[in-house]
Structures are given as C-alpha cells and as structure tokens.
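Visitor: The structure follows.
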Amino acid sequence: MQLRSDAVKRGVARAPHRSLLKADGVTDEELERPLVAVINSRNDIIPGHNNLDKIAEAVKAGIYLAGGVPFEISTIGVCDGIAMNHEGMHYSLVSRETIADSVEIALNGHQFDAVVCIPNCDKIVPGMLMGALRVNIPTVFVSGGPMLAGKQPGGCGPTTDLNTLFDGAAAVANGTMTEAELKYYEDTACPTCGSCSGMFTANSMNCLCEALGIALPGNGTIPAVYSERIRLAKHAGMKVMELLERGVCARDIVNAASVHNAMECDMAFGGSTNTVLHLTAIAAEAGCPITLDDWDAASARTPHLVKLQPSGPRPLSDLYEVGGVPAVMHELGELGLLDRSALTCMGPLDEYLAATPAPDGEVCRTKENPFSPVGALRVLHG
C-alpha cells in the first residue's frame, strides 16, 4: 500500500527524517507501518477533557493492535462554562478556527496516514472536524463522553446539571433560593468528569459526529466514567486502521448526504442552537455548503422525538439507556428522512440502520407520537 508517510520515511534522502523518528523511540519495524496521529485536546481546566489521557491511551492501543504506529499530538480548548459572563467569552468561538488550523498543520506537516481525533466540548469538536476535512485522510472521532447528572437533595425530583447553577444564581439574586441551597448544587450538579450532562453544545456535536458517520455508535452518549467508553476508544483506533486499508477518507464520509442526515438528527433530538453555527461551517469545509433555508426546511419536515435537558427533564444518560443516537436514526430511517446513500465509518448507512434499535417510545418517541411534528430548532426571519 502506498502511504502518505512514505514521504517522510522512504529512501536515502529521508535518512535524517528516520533518525528523528528513531529519536522518538521508533524502530525500523514500526517504520514499515502506517503512522497515525491521535489529536488530543486533553487539559486540566475543562471537565470534559481532563480524562482524555485515558481515552488517548485506549485509542493508541487500538491503533497498535491493528498494525499502526500512533503519535499523540495536543491542541487547545476553551470551556464555554468557565469562560461565560466575562472577557473570556470573546475567545471561545475563535478557538474553533485555531483548533482547525492546528489539526491541519500537524497532519500535513508530518504527512500522517490517518487520524483519530479526541475532542469533547463545544468548539473543540467542530474545530477538529473542520481541520480533518481539510486534510482528508482516514479519520475517526471518539469523544471523552458526557458527565453523569447531579441529584436533588434526597435524590428526588429532576436531575441537575450546569444549568441548575446558572438558574440558581439568578434565584439567589431574586430571593427565591438561599446561598446555602446554591452551594449544595455547586458541589453536586457536575459530579464527574465529562461534557455537561444535558444536550448542550458539546454533547450535541458528539451526537452529530455519530449522525455524520465519522464516529462509532455510542460516541455521543456513553458516560465519560463508564468502562464502555474505554472500549469504544480502543475500537476507534482499530476502526481508523480499517478505513485506511479500505481507502475511506474524511470527505468520503462527511458529504452532502451525511450533512443532510445530521441536520435531521439534530432536529429530532433537539440539539443546541450552536449546532446550526458549527454544522454549517463543517459543511462548508466538506464542500457541500448549507444555508439557514436548508435548516428551516429540515425543521419543517422532521418531528421532534427526544426532549433532554435543558429543553426537557431528562439527562443525556437516559438516551444512552434506550439505545442512543442509533435509536433516533432508526426512527428517522423509518420515516424516510435519511439519505441512504451516505457512508459511515461502520459501512453503508443501510447496513448501519439494519442494526439500530427501535425507539423505546418514551425517551425517544416514535413517529406516531412525537413531542412535536416539526423539529426542535426553528429559523426566525425578520
């Protein structure tokens, strides 16, 4: 197989390059294998990212198990929650472009053969995807997963999450909650590592990676602290080697068909409004631009099947328990709303849909009983 990485490791003229790789501890035997980047946004400040060292180790194990040589590379991230309501918010959206640039630079500068991207939160997911689409090599995404939800005092009532604190701060200001009550939520509403537990931007984008076909089933919903997440990461490493063997690149998966399907899923599971911003940018990088009119049309034809926090009472883990994004895609397939020409990292969409579970009818409703006959997001004009 002709490899991109041959440009840095084959022939007499590449002896200096090989010497530098050997300075990394790479052996002659490993130089015969594909070189695979593992782009990791792990850091200590973002709760959704401080567990990504474990995800990266699992990804690298999967790559090595399947015959590749993994190289971990870091990129930045901004926590939208911590950056909220002060000067830091000016830096959140622009970080997406910096992340995209850094992915493109690292992948092309070293001529990697394939890449596994490990994001988890808001701007990091689309930033990595935009960069990967520019380079267009075999690509798989695996996130760090959502955090578990918090609980009310005594364990009764709706679960809690980051939004509970924003609402609680306002409640203290208007005299309907005490500071002691707010302190309880401050200590319990975000109980584990992971992306915030509702269908906020991070989890919406990680679910849309499944809908786009660039991530394995479960990417958006398996909780961060579950061992299943580590197994998923190992399989992501193995999967990217399979895509490399088959010659399937990022733009073979993310194209007009899969963008259409992602818009349908977004309307059905009630993703963050920021998904309109990010998926539109992703589609432009993939060479299949979409407009607000396309979003409006998707909303008009797609029923709202799932209501999770913050728009409903349920945490994201409830969707995981009933089959996750595959259950949503199953029902959209039954409605004839998906473009079945799409290719996923699991194979053709038709094959993928044949293995998806039917909705439970409560967390993920059926086409006969949607929360609304139209999508969860609407475009306003005026």
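Visitor: ³J(HN,Hα) across region 154-160 via Karplus (A = 6.51, B = -1.76, C = 1.60, θ = phi - 60°), whole Hz, x for Gly/Pro?
Guide: x, x, 9, x, x, 5, 10
Visitor: Assuming 0.36 nm per residue, please report the length gained on full extension of the stretch ASP293 to ASP53 beyond their Cα-Cα distance.
Guide: Between ASP293 and ASP53, full extension yields 82.3 nm more.
Visitor: What does the extension gain come out to for ASP350 and ALA170, with contour length at 0.36 nm per residue minus their alpha carbon separation?
Guide: Full extension from ASP350 to ALA170 adds 60.0 nm.
Visitor: Round to a whole number: what % of the accessible area of region 220-269 belongs to carbon and sulfur, probe 1.4 Å?
Guide: Numbers: 820 of 1590 Å².
Carbon plus sulfur share of accessible area: 52 percent.
Visitor: Given a 1.4 angstrom probe, what's the average accessible area per residue across the chain, in square angstrom?
Guide: Details: 15520 Å² over 382 residues.
Result: 41 Å² per residue.
Visitor: Using only the Cα atoms of region 1-88, each taken as one equal point scatterer with no solvent, compute I(q) by the Debye sum, divide by I(0), and report log10 of the ratio at q = 0.17, 0.20, 0.21, 0.25 Å⁻¹.
Guide: Reported log10 I(q)/I(0), two decimals: -0.79, -0.95, -1.00, -1.22.
Visitor: If the chain between ARG10 and GLU29 were fully stretched, how many nm would it gain, using 0.36 nm times the residue separation less the Cα-Cα distance?
Guide: The ARG10-GLU29 span can extend by a further 5.5 nm.
Visitor: Run the quick spin-label model on ASN369 and GLU186: label points 7 Å from Cα toward the beta carbon, then report their separation in nm to one decimal.
Guide: 4.3 nm
Visitor: For q values of 0.06, 0.07, 0.09, 0.13 Å⁻¹, compute log₁₀ I(q)/I(0) with the Debye formula on a Cα-only model of the chain, without solvent.
Guide: Here log10 of I(q) over I(0) equals -0.23, -0.31, -0.51, -1.02.
Visitor: As a test of understanding, state the convex hull volume per residue of region 1-152 from its alpha carbons, in Å³.
Guide: Value for region 1-152: 125 Å³ per residue.
Visitor: Would you mind telling me the antiparallel percentage of the DSSP bridges in the chain, rounded to 5?
Guide: 25 percent
Visitor: Would you tally the net charge around ALA189, using a Cβ to Cβ cut-off of less than 14 Å, leaving ALA189 out, and scoring K and R as +1, D and E as -1?
Guide: Once all neighbours under 14 Å are counted, the net charge is -3.
Visitor: What list of ³J(HN,Hα) values in whole Hz, one per residue of region 200-207 in order, does the Karplus curve 6.51 cos²θ - 1.76 cosθ + 1.60 (θ = phi - 60°) give from phi, with Gly and Pro shown as x?
Guide: 7, 4, 4, 5, 4, 5, 5, 5
Visitor: Taking the chain, how many lysine pairs are there with alpha carbons less than 17 Å apart, if each pair must be eight or more places apart or span two chains? Intermediate results must be reported in sequence, preceding the final value.
Guide: On the way: LYS9/LYS22; LYS54/LYS234; LYS60/LYS234; LYS60/LYS239; LYS151/LYS183; LYS307/LYS367.
Close lysine pairs under the 17 Å cut-off: 6.
The values are calculated or read from the model by the stated rules, or taken from the named source; none is laboratory data. All of these numbers come straight from a predicted model, not from anything done at the bench. Neighbour counts are summed over all protein chains in view; Cβ atoms, including those assigned to glycine, are modelled from backbone coordinates with ideal geometry. The protein model used for the area step is the full one, side chains on, heavy atoms only, and it has no ligands, DNA or RNA in it. Shrake-Rupley method; radii C 1.70, N 1.55, O 1.52, S 1.80 Å.
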